[in-house]
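Student: Please find one structure pasted underneath; my questions will follow.
The values are calculated or read from the model by the stated rules, or taken from the named source; none is laboratory data. Bear in mind the structure is a predicted one, so any value in this text is a computation, not a measurement. No Cβ is skipped: glycine too gets one built from the backbone with ideal geometry, and neighbour counts run over all protein chains shown. The accessibility values were calculated without ligands, DNA or RNA, using every heavy atom of the protein model including side chains. Shrake-Rupley method; radii C 1.70, N 1.55, O 1.52, S 1.80 Å.
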Amino acid sequence: MLAAELRLHEVRVLVLEKETEPVSFARIVGLHIRSIELMAMRGLLERVLEHGRQRPAAGFYAAIDKPAPQGLDSAYAYLLGIPQPVLVDLLEEHAIALGAQVRRGAAVAELEQDDDGVTVELADGHQLRTRYLVGCDGGRSTVRKLLGVGFPGEPSRTETLMGEMEVGVPPEEIAAKMAASRETDKRWNLRPTGGGRYSVIVPAAGVSDRAQPPTIEDFQQQLRAVAGTDFGVRSPRWLSRFGDATRLADRYRVGRVLLAGDAAHIHPPIGGQGLNLGVQDAVNLGWKLAAQIRGWAPETLLDTYQAERHPVAEDVLDNTRAQMELLSTGPGPRAVRRLLTELMDFDDVNRYLIEKITAIGIRYDFGAGPDLLGRRLPDIDVKRGRLYGLLHRGRGLLVDRTERLSAGGRPDRVDYLADPTAALDVPCVLLRPDGHVAWIGDDQRDLDDHLSRWFGEPAH
Ligand SMILES: Cc1cc2nc3c(=O)[nH]c(=O)nc-3n(C[C@H](O)[C@H](O)[C@H](O)COP(=O)(O)OP(=O)(O)OC[C@H]3O[C@@H](n4cnc5c(N)ncnc54)[C@H](O)[C@@H]3O)c2cc1C
């Protein structure tokens, strides 16, 4: 995602990937509303929809079963289930189509930075030179470790086994068992994935050595312990294990090296937010880093990446901590869960939680101003169609209902739309390339100050 964002501004990008082949591990991820909006903003949504399954934006906060709240303010108010490898392929194709290079079998092993750039050494001893480096290399990030950036938080306490396999009993029997245990135990789950196979999630507690890959016998043993039967599981396609470690990098930038995605934050998968958070990091960072490289970035622009995204990750970590507590089986957490389940009958409570998880509730701190300032603008109607259709090129956009303002000499960075019919209840908004509202008003001088703040001085 980041490679593509950078390419929109014609920055030369090389992606180094240590694996020689794409991973086929069929983890289904849910794209939440804000990520779906970002796909629409970059013209990717149709392709993503071809491979995904739409579900109501409901039932994912601590797996509490409630309908979607009323009036979610988005044209894309659903959850999109898609296998992670498929999404990764689509994003890779998109980045390559825009001109990014991807080099596989290239593992970053060392790095050294100076005033002008970063020297990267690969595991095979090969050296490369770059002006900036972004570590998007996952929770065990080599780049983060090489930078010496702290990764404080809690170690994994609960391990979970996950895999895809065949079952030896009819679907009705599985459904009945699951329904019977749902009230008291949410830690295990069997979900059909097609072709007679099921995705199976079960606590790992006590089975096998963490350092060894799990076996089908581990799944059988654990299913018997929690469900009273192993459902005849057999013939696994893949088996894996994940933990609930919760950690956040204490810096997202050291000089010319930055961190994004799981390299910067890890947390349990409850609520399905990790990949979404990383995609949103990328869209926040891409245009800022491009501006820095193209030479028009205002001095502090790149540092707004950490200022904006670190608190968002902190909040996601906290909500996963809370959700994990709500899944605990002790009498205290179960009482809190019952209480929250009742509270979610209030639409405002339900909406608050769903907006948090789907990231449409985010408001960056751009200073004092109306509530819309710092929030993302939904995909409103504009005279040439939809707003997001105008953001495919990853530039800023001035939406001007007064038809008398100007983005002033920044044709490479900010587009202009004069549209008295735009579905806004303010005269004019300045959008950043990530779709967040950077300014609201009708005064050209005030606008000029904000254009300089976000998009630098006009080109001469
Ligand atoms: C069971 C489970 C379910 C999940 N469900 C969801 C969900 O529903 N929704 C959601 O949003 N998230 C979900 N997640 C989280 C999501 O999978 C991760 O947040 C996401 O994969 C992070 O993406 P990333 O690109 O930052 O890191 P990764 O996916 O870890 O990718 C890092 C890449 O860097 C490469 N790499 C590593 N080291 C080096 C090196 N030294 N040099 C070069 N390359 C290197 C790796 O090979 C890898 O390809 C789930 C996670 C789990 C475990």
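Student: About the Cα centre of region 342-460, how large is the charge dipole given +1 on each Lys and Arg Cβ and -1 on each Asp and Glu Cβ? Please answer in debye to the nearest 20.
Tutor: 540 debye
Student: With a 1.4 Å probe and every protein chain kept in, tell me what percent of the accessible surface of the chain is carbon plus sulfur.
Tutor: 49 percent
Student: Within region 234-252, list the residues whose amide N lies under 17 Å from a label point set 7 Å along Cα→Cβ of Thr158.
Tutor: 241-247
Student: Mind listing which trypsin sites (Lys or Arg not before Pro) in region 115-187 are in a DSSP loop and have 14 or fewer other Cβ atoms within 10 Å?
Tutor: Here the sparse-neighbourhood loop sites are Arg131, Arg140, Arg157, Arg182.
Student: Are there GluC sites (Glu not before Pro) in region 138-195 that DSSP marks as loop and that have at most 16 other Cβ atoms within 10 Å, and which are they?
Tutor: Glu183
Student: Something else now. Name the residues whose placed amide hydrogens come within less than 5 Å of the amide hydrogen of Arg375, ignoring near sequence neighbours (fewer than 5 apart) on the same chain.
Tutor: Tyr364, Val437
Student: What percent does the relative contact order of region 47-186 come to when contacts are Cα pairs within less than 8 Å and at least six residues apart?
Tutor: In percent, rounded to a whole number, it is 13.
Student: Right, something else. Can you tell me, using C-alpha contacts under 8 Å and at least 6 residues apart, the relative contact order of region 147-286 as a whole percent?
Tutor: Taking the mean separation of contacting Cα pairs over the length of region 147-286, I get 32 percent.
Student: What does the charge count near Gly196 come to, summing +1 for each Lys or Arg and -1 for each Asp or Glu among other residues with Cβ under 12 Å from its Cβ?
Tutor: +1
Student: So for each of 84-90, 305-311, 74-80 I average, over its residues, the number of other beta carbons within 10 Å; can you give me the resulting order with the highest mean first?
Tutor: With the highest mean Cβ count within 10 Å placed first, the list reads 74-80, 305-311, 84-90.
Student: For the chain, what's the relative contact order in percent, using C-alpha pairs closer than 8 Å and at least 6 residues apart?
Tutor: So the answer I get is 17 percent.
Student: Give me the 1.4 Å probe accessible area per residue for the chain, excluding ligands and nucleic acids, in Å².
Tutor: For the chain, the solvent-accessible area averages 46 Å² per residue.
Student: Quick check: pseudo-label points 7 Å beyond the Cα along Cα→Cβ at Ala123 and Lys383, how many nm apart are they?
Tutor: About 5.7 nm, to one decimal.
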